[in-house]
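One structure is given below, encoded as structure tokens.
The values are calculated or read from the model by the stated rules, or taken from the named source; none is laboratory data. Nothing here was measured: the structure is a model prediction, and the numbers come from that model. Positions of Cβ are backbone-derived with ideal geometry, glycine not excepted, and every protein chain shown enters the neighbour counts. SASA here: full protein model, heavy atoms, side chains in, ligands and nucleic acids out. Shrake-Rupley method; radii C 1.70, N 1.55, O 1.52, S 1.80 Å.
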Amino acid sequence: MTASPWHSGEPGSAVRVSVPPPSPRPPARLADGLAFGGDYNPEQWPREVWDEDVKLMREAGVNLVSLGVFAWGTVETAAGVRDWSWLDDIVELLHQGGIGIGLATPTAAPPSWLLAAHPEIAPVLADGFREPPGGRLAWCAASPVFRRYALRHVEALAERYGRHPAVRLWHIGNEFGGGNARCYCDLSAEAFRDWLRDRHGGLDAVNAAWGTQQWGHRFGAWEEILPPRGRHGAPNPGLYLDYERFSSDALLSQYLAEKAVVERHSAAPVTTNLMVGAGAQVVDYATWAPHTAIAANDHYTLVDDPLREQDLAFAADRMRGLFPDRRPWLLMESSTGSPSWQRRNRAKDPGEIARHSLGHVARGSDGAMFFQWRASPAGAEQFHSAMLPHSGSRSRVWREVLELGRSLKALREVQGTRVERARAAIVVDDPAGWALQHGLKPHRSLSYGRELREWHRALWQRNLLCDVVPPSADFDGYDLVMVPTLLTVAEPVAARLRAVPERGGTLLVTYLSGVCDADGRVITGGFPGAFREVLGAWTDEFYPLQEHETVALDDGGTVTEWTERVHLEDAESIVGYASGTLAGAPAVTRRPVGDGAAWYVSAHLPPDSIDRIADRLTAETGLVPAAEADPGVEAVRRVGDGSSFLFLLNHTDADRNAEASGLDLLTGEAFDPIVTIPANGVRVLRETPV
Ligand code: GLA
């Protein structure tokens, strides 16, 4: 008998993956004022440097650092042998310097001795290849051995520092899933089967949900169910989708296990840094966020993205949408220059550090933090930017960091305020994105993130605030709800979306939305099954376009990627196809529903067509921008009890104007009724109450 490559060789049963409902908590306040700081890895430096670090942190106004994120092996130097001395010293030094600590459970990077003693804790890829040591997140979430070692260390750490007054926050692990998002080993398979029992009940229900009659794949015993392994073939879409959900829950259960240990010893708030951006993420963040005391995000702009400020805005709007009360969240990591993981890592342009950081604050972050405080001379990330770069305090970056520190201090009164109530929302769902981008599909290279961003872009450029919300959101407060390529949708969610036009709002659904249910089964009777009645239009045939193929629209636009044959029932055609097989058929439809409307977009539209629709939607719904401003100026408002702060970010190389009045908290200048925002600059006006 040959040994299975997925066999872990671990004694004991798999970790049981179950996620209890979250216990709601009030929003956490982490610092006195907006948080400012970054990951601090003092273990990479000799003791003398630490004094200088604290001195420079104080000079910059740093009030929170993420400490010990990767310091498991530096503390627990051999199994059960712990050297706390250096950590004790730096905790004390920071405390004396008045700098708050986000203390990390360092489980993202297991020590080398642990991986050497237990190589079986490493994740196994779909083709049976076990990840070798040397990276991060080198563990399988179903491994009982990893869980035991990790919780033992977390317990020791929490016992020691849980009540230390400098510990303002617990930072559990680091970017869960950023290296071990899926493991396909036998233990994971075992944990998956238990998880399926909880989700579906019996085996018959699993078979029914996944449609296993196809290819005669009906499961007669639980042991026959395996993770979607192998490189070839096409896994059952229901199995695939459930494995993705399970994998997200498996990582979440590790987070929750560490959190529970920490909370036995500490009353400080607990969070973990997410990687929220556009598109389907590695885990389903909508299910993670409610388990955090403050949602925290890592966001890095991409040098080659010409609309990187919009990407930033999308991520921030999505962070705000994670909690129904749109409470402040925290930008936990960003960069002062470029990270080292892009293909060409370019420095930021002058002014970008502040503009990007304050862009997050404008959209609800109660601070701006970076990876990392001081650049590492050695190790994998030696060319990553930092608050204190390799050239030290003589650098432009350092001067801009000092300036950002002053700006955040000047914005103190913004802390705790909420971003103005958005009247538009875009629905985003990680599982729907996973389903769209995987398996045998009518088009196998559609990008969920690109679809989402294109509709968001149209609102962003008009300064129309938009929450990016999960399907669990309450859609009642929105006048406009957009649903881009939401391939899978659970019926209760679809029902709440269908209710939007019925109560006078506008619903816009784009192609491939509502085609499948939450198990990935096609809803029959004509696409898009979940929405065709409310849309008054339906599709029976898809015509995805070949790579260089285009189709003309009768509004002057040119379609790439996707078209389909739409049949009207009681909707009207707003834009039609003007060339190709579908010439003369509707491309964009609208059905009036009482005072509301339901739109269907059957094509991957070009930006100019999206813009024309956005103008019409704006007029129909009466959406108003946060401020009337020149092109290239982003305007967002945060409001508190009787206070109002207008953020104006100029993303152009020339001075720009906006219609607004108030006192610029950053410079002390007063403006009325026009404010000039310097090229690449930011103003934050405390608006005069009317
Ligand atoms: C992530 C990680 C950090 C660091 C940065 C580099 O966000 O959390 O530890 O590796 O990337 O950009």
Inset, instruction - With a point put 7 Å past each Cα toward its Cβ, work out how far Glu48 is from His443 in nm, to one decimal. - result: 6.1
Inset, instruction - Check cross-link reach from Lys409 to the aspartates and glutamates: straight Cα distance under 16 Å, and skip same-chain residues fewer than eight apart. - result: Asp32, Glu59, Asp366, Glu400, Asp664
Legend entry - FRET E, pair Asp554, Ala205, Förster distance 60 Å, beta-carbon r, rounded to 0.05: 0.80
Inset, instruction - Evaluate Rg over Rh across the stretch 424-621, taking Cα atoms for both radii and Kirkwood's formula for Rh. - result: 0.92
Legend entry - Rounded to 5, the percent of DSSP beta bridges in the stretch 498-620 classed as antiparallel: 80
Inset, instruction - Please quote Rg/Rh for the stretch 35-415 to two decimal places, taking the Kirkwood radius as Rh and restricting both calculations to Cα atoms. - result: 0.99
Inset, instruction - Report, in debye and to the nearest 20, how large the dipole of the chain comes out about its Cα centre when Lys and Arg carry +1 and Asp and Glu carry -1 on their Cβ. - result: 1100
Inset, instruction - Go ahead and run the numbers for FRET between Ala126 and Lys55, Cβ-Cβ distance against an R0 of 56 Å, rounding to 0.05. - result: 0.65
Inset, instruction - For the stretch 495-519 and the stretch 28-77, compute the distance between their C-alpha centroids and round to whole Å. - result: 46
Inset, instruction - Please compute the net charge surrounding Met57, taking Lys and Arg as +1 and Asp and Glu as -1 over other residues with Cβ under 13 Å from its Cβ. - result: -2
Legend entry - Whole-angstrom gap from the stretch 125-178 to the stretch 305-365, using each part's C-alpha centre: 26
Inset, instruction - Report Rg (one decimal) and Dmax (nearest whole number) for the chain, counting Cα atoms only, units Å. - result: 25.8, 82
Legend entry - Surrounding net charge for Ala189, when Lys and Arg each add one and Asp and Glu each subtract one, Cβ distance under 14 Å: -2
Inset, instruction - Using label points projected 7 Å from each Cα along Cα→Cβ, tell me how many nm separate Asn657 and Glu687, to one decimal. - result: 2.0
Inset, instruction - Kindly provide the Kirkwood hydrodynamic radius of the stretch 179-327 in Å, to one decimal, from all pairs of distinct alpha carbon atoms. - result: 17.8
Legend entry - Beta bridge orientation in the chain: antiparallel %, DSSP, nearest 5: 50
Inset, instruction - Would you mind getting the accessible area per residue of the chain, heavy atoms of the protein chains only, 1.4 Å probe, in Å²? - result: 38
Inset, instruction - Starting from 0 in steps of 5 Å, tell me what percent of the Cα-Cα pairs of the stretch 289-363 lands in each bin. - result: 3, 15, 27, 23, 15, 10, 5, 1
Inset, instruction - Could you tell me what fraction of 2.2 N^0.38 Å the Cα radius of gyration of the stretch 633-687 comes to, as a two-decimal ratio? - result: 1.04
Inset, instruction - Any chance you could look up the accessible area of Ser472 with a 1.4 Å probe, heavy atoms only, rounded to 10 Å²? - result: 90
Legend entry - Translational diffusion of the stretch 1-89, µm² s⁻¹ [Kirkwood Rh, Cα pairs; Stokes-Einstein; 20 °C; 1.002 mPa s]: 120
Inset, instruction - Count charges around Asp39 for me, please; just the other residues with Cβ under 14 Å from its Cβ, Lys/Arg as +1, Asp/Glu as -1. - result: -4
Legend entry - Kirkwood hydrodynamic radius (C-alpha pairs) into Stokes-Einstein, the stretch 337-448, 25 °C and 0.890 mPa s, D in µm²/s: 142
Legend entry - Residues in the stretch 458-480 that a label on Asp198 would reach, taking backbone N under 12 Å of a point 7 Å out along Cα→Cβ: none
Legend entry - Whole-angstrom gap from the stretch 370-403 to the stretch 557-622, using each part's C-alpha centre: 49
Legend entry - Sites Arg163 and Ala117, calculated FRET efficiency, Cβ-Cβ separation with R0 30 Å, nearest 0.05: 0.40
Legend entry - Potential lengthening between Arg29 and Arg412 on full extension [0.36 nm per residue; Cα-Cα distance subtracted]: 136.6 nm
